[in-house]
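To keep things clear, I will list the structure first and then write my remarks on it.
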Amino acid sequence: MHKQIYAASDFQTIMHCHVPEAEAQAHFIYPGDREPLGRIVPIDAEGSFIHLAIRSSPKTDMSALVRLLHDYKVVVVRGGGVWAVGAQSLSEALHHPSSLREICLYRIAAFEQGLDLRRMEPEKAKNW
(Lines give C-alpha, C1' and ligand atoms only; values in the text may rest on other atoms or scores of the structure.)
Protein backbone atom coordinates (compact mmCIF):
# COMPACT_ATOMS: atom_id res chain seq x y z
CA MET A 1 0.00 0.00 0.00
CA HIS A 2 2.86 2.40 0.82
CA LYS A 3 4.35 1.98 -2.65
CA GLN A 4 0.97 2.66 -4.24
CA ILE A 5 0.54 5.85 -2.22
CA TYR A 6 4.05 7.03 -3.12
CA ALA A 7 3.33 6.33 -6.81
CA ALA A 8 0.01 8.19 -6.73
CA SER A 9 1.21 11.25 -4.81
CA ASP A 10 4.08 13.63 -4.20
CA PHE A 11 4.44 12.78 -0.50
CA GLN A 12 8.01 12.38 0.74
CA THR A 13 7.08 10.28 3.79
CA ILE A 14 4.19 8.00 4.67
CA MET A 15 3.52 6.48 8.06
CA HIS A 16 1.05 3.79 9.02
CA CYS A 17 0.54 3.04 12.70
CA HIS A 18 -2.14 2.03 15.17
CA VAL A 19 -3.22 4.52 17.83
CA PRO A 20 -5.80 2.91 20.16
CA GLU A 21 -7.24 6.26 21.28
CA ALA A 22 -7.79 7.30 17.65
CA GLU A 23 -9.44 3.98 16.85
CA ALA A 24 -11.80 4.48 19.80
CA GLN A 25 -12.72 7.97 18.59
CA ALA A 26 -13.18 6.78 15.00
CA HIS A 27 -15.81 4.32 16.27
CA PHE A 28 -17.39 6.78 18.72
CA ILE A 29 -21.08 7.45 18.14
CA TYR A 30 -22.64 10.51 19.74
CA PRO A 31 -25.62 9.64 21.95
CA GLY A 32 -28.70 9.70 19.73
CA ASP A 33 -26.75 9.17 16.47
CA ARG A 34 -26.63 5.92 14.52
CA GLU A 35 -23.23 6.10 12.86
CA PRO A 36 -19.72 7.17 13.86
CA LEU A 37 -18.64 10.63 12.81
CA GLY A 38 -16.57 11.09 9.70
CA ARG A 39 -14.11 13.34 11.50
CA ILE A 40 -12.39 13.86 14.82
CA VAL A 41 -12.45 17.52 15.86
CA PRO A 42 -9.92 18.77 18.41
CA ILE A 43 -11.43 20.42 21.47
CA ASP A 44 -8.11 21.56 22.94
CA ALA A 45 -6.24 24.73 21.95
CA GLU A 46 -3.05 23.05 20.74
CA GLY A 47 -4.87 20.34 18.81
CA SER A 48 -7.13 22.81 17.03
CA PHE A 49 -4.10 24.95 16.16
CA ILE A 50 -2.51 21.95 14.41
CA HIS A 51 -5.60 20.29 12.90
CA LEU A 52 -8.98 21.84 12.21
CA ALA A 53 -10.40 18.33 11.86
CA ILE A 54 -9.04 14.84 11.28
CA ARG A 55 -10.89 12.60 8.89
CA SER A 56 -12.02 9.16 10.00
CA SER A 57 -13.45 6.82 7.43
CA PRO A 58 -14.44 3.23 6.89
CA LYS A 59 -11.97 1.07 5.03
CA THR A 60 -11.44 2.70 1.67
CA ASP A 61 -9.58 2.18 -1.58
CA MET A 62 -6.11 3.55 -2.16
CA SER A 63 -7.11 6.46 -4.42
CA ALA A 64 -9.68 7.72 -1.90
CA LEU A 65 -7.09 7.45 0.88
CA VAL A 66 -4.59 9.49 -1.16
CA ARG A 67 -7.22 12.22 -1.71
CA LEU A 68 -7.98 12.31 2.01
CA LEU A 69 -4.28 12.46 2.89
CA HIS A 70 -3.80 15.40 0.51
CA ASP A 71 -6.60 17.27 2.29
CA TYR A 72 -5.99 16.27 5.92
CA LYS A 73 -2.37 14.96 6.20
CA VAL A 74 -3.61 12.38 8.73
CA VAL A 75 -6.53 9.96 8.35
CA VAL A 76 -7.95 7.34 10.68
CA VAL A 77 -9.25 4.32 8.79
CA ARG A 78 -11.68 2.43 11.03
CA GLY A 79 -10.08 -0.95 11.65
CA GLY A 80 -7.15 0.02 9.40
CA GLY A 81 -5.01 2.27 11.54
CA VAL A 82 -3.75 5.81 11.21
CA TRP A 83 -2.17 7.02 7.99
CA ALA A 84 -0.05 10.17 8.02
CA VAL A 85 2.07 11.93 5.43
CA GLY A 86 4.80 14.50 5.37
CA ALA A 87 6.12 16.76 2.64
CA GLN A 88 9.63 17.06 4.03
CA SER A 89 10.64 14.47 6.63
CA LEU A 90 9.68 11.42 8.63
CA SER A 91 9.49 13.52 11.79
CA GLU A 92 6.82 15.66 10.09
CA ALA A 93 4.74 12.54 9.42
CA LEU A 94 5.37 11.25 12.97
CA HIS A 95 4.05 14.50 14.45
CA HIS A 96 0.53 13.84 13.09
CA PRO A 97 -0.22 10.55 14.94
CA SER A 98 1.38 11.95 18.07
CA SER A 99 -0.85 15.05 18.10
CA LEU A 100 -3.85 12.90 17.10
CA ARG A 101 -3.33 10.76 20.20
CA GLU A 102 -3.34 13.84 22.43
CA ILE A 103 -6.47 15.20 20.70
CA CYS A 104 -8.26 11.90 21.30
CA LEU A 105 -7.18 11.76 24.95
CA TYR A 106 -8.70 15.21 25.53
CA ARG A 107 -11.93 14.15 23.81
CA ILE A 108 -12.16 10.94 25.83
CA ALA A 109 -11.49 12.77 29.11
CA ALA A 110 -14.10 15.44 28.32
CA PHE A 111 -16.73 12.83 27.49
CA GLU A 112 -15.93 10.92 30.69
CA GLN A 113 -16.51 14.16 32.63
CA GLY A 114 -19.97 14.40 31.07
CA LEU A 115 -19.13 17.36 28.83
CA ASP A 116 -20.91 17.84 25.50
CA LEU A 117 -18.23 17.35 22.84
CA ARG A 118 -20.35 18.90 20.10
CA ARG A 119 -20.58 22.18 22.01
CA MET A 120 -16.81 22.14 22.56
CA GLU A 121 -15.94 21.74 18.88
CA PRO A 122 -15.00 25.00 17.13
CA GLU A 123 -17.73 26.27 14.82
CA LYS A 124 -15.30 26.58 11.88
CA ALA A 125 -14.55 22.83 12.04
CA LYS A 126 -18.13 21.76 11.43
CA ASN A 127 -17.92 22.19 7.65
CA TRP A 128 -14.36 21.01 7.14
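The values are calculated or read from the model by the stated rules, or taken from the named source; none is laboratory data. Because the structure is a prediction, the values reported are computed rather than measured. When we count neighbours, we look across all protein chains shown, and the Cβ atoms used for this are built from the backbone with ideal geometry, even at glycine. Note: areas computed on protein heavy atoms with side chains; ligands, DNA, RNA excluded. Shrake-Rupley method; radii C 1.70, N 1.55, O 1.52, S 1.80 Å.
Could you bin all the Cα-Cα distances of the range 25-99 into 10 Å bins starting at 0 and give me the percent of pairs in each, rounded to whole numbers?
19, 50, 27, 3, 0
Rounding to the nearest 20 debye, state how big the charge dipole of the chain is about its Cα centre with +1 on each Lys and Arg Cβ and -1 on each Asp and Glu Cβ. Each step should come with its number before you reach the end.
Details: 14 positive and 15 negative charges, 65 e Å.
I would put it at about 320 debye.
Place a point 7 Å from Cα of E46 in the direction of its Cβ. Which residues in the range 101-128 have their backbone N less than 15 Å from it?
Only 101-107 fall inside the zone, counting backbone N under 15 Å.
Can you give the Kirkwood hydrodynamic radius for the chain, in Å, rounded to one decimal and based on Cα pairs?
14.8 Å
With charges set only on the Cβ (+1 for Lys and Arg, -1 for Asp and Glu), what does the dipole of the range 78-120 come to about its Cα centre, in debye to the nearest 20?
Numbers: 5 positive and 4 negative charges, 34 e Å.
The dipole of the range 78-120 has a size of about 160 debye.
Under the rule of -39500 (n - 2.57) per DSSP H run of 4 or more residues, summed and divided by the residues of the chain, what mean residue ellipticity at 222 nm is obtained, to the nearest 500 deg cm²/dmol?
Helix-only estimate at 222 nm: -13000 deg cm²/dmol.
For L115 and M62, what is the calculated FRET efficiency with R₀ set at 41 Å and r taken between the beta-carbons, to the nearest 0.05?
Taking R0 as 41 Å, the efficiency between L115 and M62 is 0.65.
Take the solvent-accessible surface of the protein heavy atoms, probe 1.4 Å, and return the percent of it on the range 6-128 that carbon and sulfur atoms account for. Let's see the in-between values first.
Values: 3630 of 6850 Å².
Carbon-and-sulfur percentage of accessible area, whole number: 53.
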